[in-house]
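Colleague: Quick one: the structure is below, questions incoming.
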Amino acid sequence: MSHLAALFATPEILALSKLVLAIIAGSVIGFERYQSGHPAGQRTFAIICLTSALLTISLAPGDFTELMNQPGAGGSRIIQGILQGIGFIGAGVIVRDGLTTKGLTSAASVWLVSAIGILIGTSEYFLAISGTVLTTLILLTFKKIYPFRTRRSFAVVEAVFAKDAFPTEDAILSRLKCYGFNVTRIAFKGVKTNEMQIKADVWVDKDAAQARAQLALDFLKDPEIEDFSIEQIGE
């Protein structure tokens, strides 16, 4: 037993155990992102966490506090470089989809998992494990409470009216209000063919999907509207 204990106490085995722990921590957080269909999945998170641990184990021996309190030390510069460089990967998972921005949670998770890898590499196991557990709880539990939260749902409504149809602003506002929409901004645009276009930024605080569907059906039945779009903004 003493020989086995001595084997696991060697620097090589200790370093290997840190790398395995980094892979596990990254995989746990990445699994939720993968299951949710987000750009950065389980392998990406595992590799990021492993890379952070590799750099801090091999190039920055010492605990996290010691390294960060020595501005001139190589370890401090390595940690700062990891956290700065990981921003490029985080930016890569942020996707612009029309008026909606997606991937912000994944980008934040990428940044956090790199910090977990650094903590593992510098033997801060309690913080690393605590960070892994708490991050996983945030990703899993916050999603489940979304349906129970009251939240404004924002959308952009655009419509092209038929030639010589000129509804007033009050008429448009009243029409949108019938379906529960609150208008924050409205713009009019005219073209030389005498077709008027409107664009309105709106929000509704309940039954958003139903309100959008009813408005779309109303627009479809209206002979004065030639074309329209109702695009949700946000998650």
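Colleague: Neighbour counts of other C-beta atoms within 10 Å: give me Glu169, Glu195 arranged from fewest to most.
Modeller: Working: Glu169 12, Glu195 17.
Placing the least packed residue first, the sequence is Glu169, Glu195.
Colleague: Work out how much length Thr184 to Leu127 would gain on full extension: take 0.36 nm times their residue separation and subtract the Cα-Cα distance, in nm to one decimal. All intermediate terms of the calculation are to be shown ahead of the outcome.
Modeller: Details: separation 57, 0.36 × 57 = 20.52 nm, distance 4.47 nm.
Computed gain between Thr184 and Leu127 is 16.0 nm.
Colleague: Taking 45 Å as R0, compute the FRET efficiency from the Cβ-Cβ separation of Leu83 and Asp164 and round it to 0.05.
Modeller: Numbers: r = 61 Å, r/R0 = 1.35.
It comes to 0.15.
Read-outs throughout are calculated quantities, based only on the coordinates presented, and are distinct from any laboratory measurement. Since the structure is predicted, the reported quantities are computational estimates derived from the model, not experimental observations. A quick note on method: Cβ atoms are made from the backbone with ideal geometry, for glycine too, and the neighbour counts reach across all protein chains shown.
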